[in-house]
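Structure record follows, encoded as structure tokens.
The values are calculated or read from the model by the stated rules, or taken from the named source; none is laboratory data. All values reported here derive from a predicted model rather than from experimental measurement. Note: ideal-geometry Cβ built from the backbone for every residue, glycine included; neighbour counts use all protein chains shown. In case anyone asks, the SASA skips ligands and DNA or RNA and just uses the protein heavy atoms, side chains included. Shrake-Rupley method; radii C 1.70, N 1.55, O 1.52, S 1.80 Å.
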Amino acid sequence: MYDTLIIGSGPAGMTAALYAARSNLKVAVLEQGAPGGQMNNTSDIENYPGFDVISGPELSMKMFEPLEKLGVENLYGIVTAIEDRGDYKIVKTSDESYQAKTVIIATGAKHRQIGVAGEEDYSSRGVSYCAVCDGAFFRGQNLLVVGGGDSAVEEGLFLTRFADSVTIIHRRDELRAQKVLQERAFANDKVSFIWDSVVTEIKGDSNKVTSVDVKNVKNGQISNHEFGGVFVYVGLDPVSDYVKNLGITDEAGWIITDEQMQTACPGIFAVGDVRQKDLRQITTAVGDGATAGIQAYQYIAAHS
Ligand code: FAD
Ligand code: NAP
């Protein structure tokens, strides 16, 4: 029986583990991959206090290393269900079952697809959702980035390190991204924009993407543009399917908590991007994690 079982080791989960372990709780983190979460797919982080700039994988390791020293146990597995048995909770993976007095859900969010013809067919053959992972394979190419948020603009800028040109296609005529990123993109000679337009089909030969059909949403005109790769950044969906039975999410699947990160099930907390909130950032994930780590301790103290 763990005091606190944390699901997911992104910045929210790792910070929850830090605070819970420093409260002397018996803590484990259950993760399906490498520690770091979405930070592992991020090139340069420029808005985490204390660092001018730090790479996502490096910040991940800096958050992970102290946990080992504090005796946090690392478990591997994909969580498929949580059962609330009142005083304790059962967390299930496909082949294991764990018991804990408190559970902190920190499974974050995953990239959304645009859902057009060719997207699935050319996935890993020119369609990518991770510039950090795949950018270097597109040296000297003309690339298309889909989306108008922070991810599209920031990762589009990152791709200019490899590509000859980067075109950002956005469905409106105004970006959602932070102003500082917008200004950087507008000033970059390699970056251009297709406004008020959406991708309708990704085309290619037997090996790779060669072009993209684009529709102008204002006049309905369709045109074809040659690109060697398409990077999709059209937002995120919560990773929360496995808690549907608990009734703790809103309609879109974001988990609802109070300010103490407590969900509608006492002893089950949720933190980070998976939570219903306005600002999904590393700083806010870390803040949520700290709150939940302490709240888990207080919940156990009150119930023992
Ligand atoms: P995540 O980082 O998503 O971590 C969730 C973890 O849970 C993952 O490790 C995942 O493997 C694990 N998991 C999921 N499901 C399961 C399961 N069923 N079982 C076990 N484990 C599971 N924010 C900034 O502040 N600055 C930036 O510069 C910045 N750049 C970004 C660039 C990109 C391209 C993207 C996509 C996001 C960026 N963000 C940035 C946002 C930031 O990365 C997130 O807000 C933050 O990572 C959220 O942390 P989290 O711990 O809540 O979730
Ligand atoms: P996002 O902010 O939700 O932006 C998604 C973008 O994709 C929006 O511009 C949206 O258009 C567009 N879009 C959505 N569905 C579409 C579709 N079907 N077809 C075409 N376009 C579509 O997502 P994000 O940029 O991935 O960012 C996610 C979170 O991570 C945010 O909280 C963000 O702040 C954070 N993040 C932070 C940084 C940073 O701080 N440097 C970097 C990356 C990400 P509309 O604008 O019209 O809605």
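Positive contributions from Lys and Arg (+1) and negative ones from Asp and Glu (-1), summed over other residues with Cβ under 13 Å from the Cβ of Val214, come out at 0.
The mean accessible area for residues of the chain, using a 1.4 Å probe and ignoring ligands and nucleic acids, is 48 Å² per residue. Placing unit charges on the Cβ atoms of the charged side chains and taking the dipole of the chain about its Cα centre, the candidate lying farthest along the positive direction among Val153, Met63, Gly118 is Met63. When the chain is treated as a GNM with alpha-carbon contacts under 10 Å, the residue of Asp241, Asp278, Asp164 showing the greatest mean-square fluctuation is Asp278.
Count the lysine pairs in segment 127-232 whose Cα atoms lie under 24 Å apart, taking only pairs 8 or more positions apart in sequence or on different chains.
The number of close lysine pairs in segment 127-232 is 6.
For the chain, the mean residue ellipticity at 222 nm estimated from helices alone is -7000 deg cm²/dmol, where every DSSP H run of n ≥ 4 contributes -39500 (n - 2.57) and the total is divided by all residues, rounded to the nearest 500.
Simple spin-label estimate for Ser55 and Arg85 gives 4.4 nm between the two label positions (7 Å along the Cα-to-Cβ direction from each Cα).
After finding the eigenvalues of the alpha carbon gyration tensor for the chain, what semi-axes result from the square roots of 5 times each, listed largest first in whole Å? Can you show the working numbers first?
Numbers: eigenvalues 307, 77, 58 Å².
Semi-axes (√(5λ), whole Å): 39, 20, 17.
Bridging of Lys101 to aspartates and glutamates at a Cα separation below 12 Å is possible for Asp3, Glu83, Asp84, Asp87, once same-chain residues fewer than 8 apart are set aside. Note on the chain: GNM, Cα springs under 10 Å; of Tyr242, Tyr19, Tyr88, the largest mean-square fluctuation is that of Tyr242. Comparing Gly33, Ile105, Val209 along the charge dipole axis of the chain, the residue lying farthest to the positive side is Ile105, per the Cβ-charge model. The portion of the accessible surface of the chain made up by carbon and sulfur, rounded to a whole percent, is 47 (1.4 Å probe; DNA, RNA and ligands excluded).
How would you order 30-38, 68-76, 97-105 from highest to lowest mean count of nearby Cβ atoms within 10 Å? Kindly include the intermediate steps, with their values, before the conclusion.
Values: 30-38: 20.4, 68-76: 13.4, 97-105: 23.4.
For the peptides 30-38, 68-76, 97-105, the packing ranking is 97-105, 30-38, 68-76.
Comparing Pro49, Pro238, Pro11 in a Gaussian network model of the chain (Cα springs below 10 Å), the most mobile by mean-square fluctuation is Pro49. Count Lys and Arg as plus one, Asp and Glu as minus one, and take only other residues whose Cβ is under 10 Å from that of His303; the net charge is then 0.
Among DSSP bridges having both ends in the chain, what percentage is antiparallel? Round to the nearest 5. Mind showing how you got there, number by number?
On the way: 29 of 63 bridges.
Around 45 percent of the beta bridges assigned by DSSP in the chain are antiparallel ones.
Just want to confirm a number: the relative contact order over the chain, from Cα pairs under 8 angstrom separated by 6+ residues, in percent.
Values: 702 pairs, mean separation 65.5, N = 304.
Relative CO of the chain lands at 22 percent.
Length gained on full extension, Arg172 to Gln281: 36.9 nm, using 0.36 nm per residue less the C-alpha separation.
Quick one: dipole size for the chain, taken about the Cα centre, charges +1 on Lys/Arg Cβ and -1 on Asp/Glu Cβ, in debye to the nearest 20.
That gives a dipole near 120 debye.
A simple charge model with +1 on the Cβ of Lys and Arg, -1 on the Cβ of Asp and Glu and nothing else charged puts the dipole of segment 59-124 at about 300 debye relative to its Cα centre. In the chain, taking the dipole from charged Cβ atoms about the Cα centre, the farthest positive-side position among Val72, Thr283, Thr200 is held by Val72.
DSSP beta bridges confined to segment 127-232 are antiparallel in about 45 percent of cases.
Under a Cβ-only charge scheme (Lys and Arg +1, Asp and Glu -1), can you give me the dipole magnitude of segment 127-232 about the Cα centre, in debye to the nearest 20?
On the way: 12 positive and 14 negative charges, 15 e Å.
The calculation lands at about 80 debye.
With a cut-off of 15 Å between beta carbons, the residues surrounding Gln281 carry a summed charge of -3, where Lys and Arg count +1 and Asp and Glu -1.
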